[in-house]
Amino acid sequence: MRIDDILAGAGPVFSFEFFPPKTQDGERNLYAALAELKTLEPSFVSVTYGAGGSTREKTIEIVKRIREEHGLEAMAHFTCVGATVEELRTTLDEMRAVGIDNVLALRGDPPAGQEDWMKTDGGLEYSRELVGLIAAGYPFAIGAACFPETHIHAESPQADLEHLAEKVRAGVDFLITQLFFDNGLYFDFLARARAAGIEVPIIPGIMPITHAGQVQRMAAMCGASIPAGLREELHARGEDAEAVLDFGVAYATLQCAELLAAGAPGIHFYTLNRSPATRAILSALKLAKPWEKAVYPASISRPSATRGEPSGAS
């Protein structure tokens, strides 16, 4: 089923992101987490594409297996790194042949060992070109990424928003945000996107904090900020891994509850191929149903939250 059709239904959507494991143990952990999270009836799951397209075959294999063996809708990430247009079409043909309905179109990261992104001869340079290629010849629902704190390589927030608008006009059906820890960033970004004429659903992407060091590395990689208050609370728990995990689950649950009460179309969880934290958060959300007690209109036309301390998550 197409994700844009799922988003058109009643109620918020909940989705999980996984990455192709590199080892047999990792693969067992992935499918164990998937089996546990399946009980929460996610709207869809997504599977990432390695740097430089390094996991192309594995990504398609996992998406196919999730659909066929687990009965879940799955979306394949797809990048234009290291491939000619002909090779991109070959991969898209393969995805269509195995029954994939949804693709997340990304420019992608450079291959391992290469710092700067470089266009492949005979390939594409921008994600909007990839979106256009898919939209012109394939029946997939097309998702794309967006950045509440601006893409790390963008010239400015305004330029980033203009590029996003071009990408949406090329055929994007929905957007998923990069991770963030301050809801005010999402609300502000949404208001700017709507003012720029971007009307597709924008799903907030949330990564539950399970390890302090890991979340700091992830945030640094994608240019996401960690609010001062959150950083202090993590530091106060020091090396107590269980305390960090408990706090991280509580923080993400409150963060998600505020987003849903404000009318967000759903939550996309960056699971890092683990299930306990996400299971706890989503179970609590489904029990409390904050979207049924919305304080703000569905358009999320509300004042900006105080930067650094998202209300409901302080």
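The values are calculated or read from the model by the stated rules, or taken from the named source; none is laboratory data. Treat the numbers as computed from the prediction; the structure is a model and nothing was measured. Heads up, the Cβs are rebuilt from the backbone with ideal geometry, glycines too, and the neighbour counts pull from every protein chain shown. Accessible surface areas use protein heavy atoms only, side chains included; no ligands, DNA or RNA. Shrake-Rupley method; radii C 1.70, N 1.55, O 1.52, S 1.80 Å.
Quick notes on this structure:
- The stretch 107-146 - residue that is of a type in the set (A, V, I, L, M) and modelled with pLDDT under 95 and, of those, surrounded by the most Cβ atoms within 10 Å (Cβ to Cβ): Leu124
- Of the residues screened, Val168 is one that is among the β-branched types (Val, Ile, Thr), open to solvent by 10 Å² or more (accessible area, probe 1.4 Å) and either at pLDDT 95 or above or more than 29 Å from Glu129 (Cα to Cα) (or both).
Condition check ((1) of a type in the set (Gly, Ala, Ser); (2) open to solvent by 10 Å² or more (accessible area, probe 1.4 Å)) across all residues:
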{"position": "Ala196", "(1), (2)": "yes, yes"}
{"position": "Pro201", "(1), (2)": "no, yes"}
{"position": "Cys222", "(1), (2)": "no, yes"}
{"position": "Val249", "(1), (2)": "no, yes"}
{"position": "Pro276", "(1), (2)": "no, yes"}
{"position": "Ile281", "(1), (2)": "no, no"}
{"position": "Ala284", "(1), (2)": "yes, yes"}
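Let's see how each residue does on (1) in contact (Cβ under 8 Å) with a residue 40 or more places away in the chain; (2) closer than 30 Å to Ala154 by Cβ:
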{"site": "Ile206", "(1), (2)": "yes, yes"}
{"site": "Thr210", "(1), (2)": "yes, yes"}
{"site": "Met221", "(1), (2)": "no, yes"}
{"site": "Ala224", "(1), (2)": "yes, yes"}
{"site": "Pro227", "(1), (2)": "yes, yes"}
{"site": "Arg231", "(1), (2)": "no, yes"}
{"site": "Arg237", "(1), (2)": "no, no"}
{"site": "Ala243", "(1), (2)": "no, no"}
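- Taken over the stretch 224-247, the criterion of being open to solvent by 50 Å² or more (accessible area, probe 1.4 Å) and within 17 Å of Leu272 (Cβ to Cβ) is satisfied by Ala241, Leu245.
- Hits in the stretch 187-219 - residues which are β-branched (Val, Ile, Thr), in a loop (DSSP other than H, G, I, E, B) and closer than 29 Å to Ala280 by Cβ: Ile209, Thr210
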